[in-house]
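Written below as structure tokens is the structure these notes are about.
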Amino acid sequence: MTIVNIHDLRRAARRRLPRFLFDYVDGAAYDEKTMRWNEEAYDRVRFRHRVLNDMSERRLGTSVLGAEQALPLVLAPTGFAGLLWPRGEIAAARAAEAAGIPFCLSTASICSIEDVRAATKAPFWFQLYVTKDRGITEELVARADAAGCSALVLTVDIAMRANRERDVRNRFVARGAIGLSSWLEMVLHPSWSLAMLRAPRAQFGNLASVPAAGSGIMSQGEFVARNMDFSLNWKDLDWIRSRWKRKLIVKGVVAPEDAARVADAGADALVVSNHGGRQLDGDMPTIAALPAVIEKVGGRLEVLLDSGIRRGQSVVKALALGAKACLIGRAFLYGLAAAGEKGVAQAIDILKSEIDTTIAHIGISDVRELEKRRSEFLIGP
Ligand SMILES: Cc1cc2nc3c(=O)[nH]c(=O)nc-3n(C[C@H](O)[C@H](O)[C@H](O)COP(=O)(O)O)c2cc1C
């Protein structure tokens, strides 16, 4: 099939993956309203294009936390990417490296911190979920440090896990046993199944050294579900800040008051994020939350944004409203599921080309100039 945009990559992913995995990536919490709103809310921000500004040379590079990158994009942390494609996290990290953008590894990845370190050269970011057993958290932080991770991303919008109803129906949940229909789905998707049969046994790579978690994805999944620390609070942020000396990013903020406390705690950046609508259904779309966050903390720390990015046009709008860069989740996962490293590279390329064309059309040749030209953007009701 011809791939023109991220929506096409999504269709390609749907074809290749068994249903329970496609739904895991594509789905969100409850009625999936916030996931839809995240994307639709960009329609309320409109361009007002300018003309005759010599657009023959355009600059898409920017700097995030002091490091130059080729595009204002980051691959968001996503659990289980290694179930979509053999060694999927490495495939994604390599595509990010080739494109000159950061890759963020999730705590819940299949490949471990050390696997990704060994397979790539560029420093990557590590996303942290805090467990009740703080010994495990401390060990993960120490491993990220030893691997030279340039940033630690603390995800804070998981006070409890939401029901993702597609996953419940497909029995793709911790403690669930895969049902007959999922086995049938695997038989019906041989390209995925054969590739995974040849892959190393799937497990939570970062937990392989934790004996209490057992071995194998089912037992480790149960362990993670039992051990997520839902008492996480502001004191823990201070504790993590005191342990991690490199850049600290707090992910999952939409309220300006929280953004101010994150800045007070000494974080270097925050991500305006609602987890792609996978947690609080009914939560506001992130592009609508961004202006108030920027107003409150814009000068104090860097503000990144994710949730709902499927078009380069949306990245341009987020940058104009004050974000330094955008993280992409599903957009790259669809590419990974469809064609591995090549598919992730294609997803990045599609967004790059859309960003490039959009800035040329609006008459701003450098993405770093977007915020200064905010008045060119009309925000509707
Ligand atoms: C399949 C999937 C798994 C995810 N796993 C994690 C995770 O392990 N840690 C985390 O902080 N965020 C996780 N997220 C959220 C992403 O980091 C990001 O916030 C979200 O995907 C952005 O929305 P988008 O998918 O619309 O781009 C996950 C998202 C998806 C789609």
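Here, each number is a calculation from the coordinates, and none is a lab measurement. Fair warning: this is a prediction, and the values are worked out from it, not measured in the lab. Positions of Cβ are backbone-derived with ideal geometry, glycine not excepted, and every protein chain shown enters the neighbour counts.
Sequentially through the stretch 203-217, phi angles give Karplus couplings (6.51, -1.76, 1.60; θ = phi - 60°) of 7, 6, x, 6, 9, 4, 8, 9, x, 5, 7, x, 10, x, 5 Hz, Gly and Pro residues having no value and appearing as x. Straight-line cross-link partners of LYS352 among the aspartates and glutamates, defined as a Cα under 14 Å from its Cα and at least 8 positions apart when in the same chain: ASP366. Within the shell defined by Cβ-Cβ distances under 14 Å, the residues around PRO200 carry a net charge of 0, with Lys and Arg each +1 and Asp and Glu each -1. What is the angle, in °, between the Cα long axis of helix 6-16 and the longest principal axis of the Cα atoms in the chain? Nearest 10 is fine, range 0 to 90. Tilt of helix 6-16: around 10 degrees.
Shape verdict for the stretch 268-365, please, from the Cα gyration tensor: rounded (a/c under 1.5), prolate (a/b greater than b/c) or oblate.
Because a/c hits 1.5 or more and a/b fails to exceed b/c, the stretch 268-365 counts as oblate.
Think of the stretch 229-363 as having a plus end and a minus end, set by charges on the Cβ of Lys, Arg, Asp and Glu; of ALA289, ALA325, HIS275, ALA325 sits farthest toward the positive end of this dipole. Peptides 79-85, 25-31 ordered by packing proxy, namely the average of other Cβ atoms within 10 Å per residue, highest first: 79-85, 25-31. Rounded to the nearest 10 degrees, the angle from helix 234-243 to the longest Cα principal axis of the chain is 90 degrees. Across the stretch 113-125, computed HN-Hα scalar couplings (Karplus, 6.51 cos²θ - 1.76 cosθ + 1.60, θ = phi - 60°) run 3, 5, 4, 5, 4, 5, 9, 9, 10, 5, x, 10, 9 Hz from first to last residue, x flagging Gly and Pro.
Compared with the dominant principal axis of the Cα atoms in the chain, helix 286-297 is inclined by about 70°.
The residues TRP239, TRP192, when put in order of fewest to most other Cβ atoms within 10 Å, stand as TRP239, TRP192. For the peptides 281-288, 54-61, 316-323, the ranking by mean Cβ contacts within 10 Å, running from highest to lowest, is 316-323, 281-288, 54-61. Add +1 for every Lys or Arg and -1 for every Asp or Glu among the other residues with Cβ under 14 Å from the Cβ of VAL367, and state the total. Residues near VAL367 contribute +1 overall.
Taking every C-alpha pair closer than 8 Å and separated by at least 6 residues, the mean separation divided by the residue count of the stretch 247-287 gives a relative contact order of 43 percent.
Radius of gyration (Cα atoms) of the stretch 145-264, expressed as a multiple of 2.2 N^0.38 Å: 1.37.
Take every pair of alpha-carbon atoms less than 8 Å apart whose residues are at least six positions apart; their mean separation over the length of the stretch 1-128 yields a relative contact order of 17 percent. Across the chain, the mean sequence separation of Cα contacts (distance under 8 Å, 6 or more residues apart), normalised by length, yields a relative contact order of 28 percent.
From helices alone, the chain scores -13500 deg cm²/dmol at 222 nm; the rule is -39500 (n - 2.57) for each run of n ≥ 4 DSSP H residues, then divide by the residue total.
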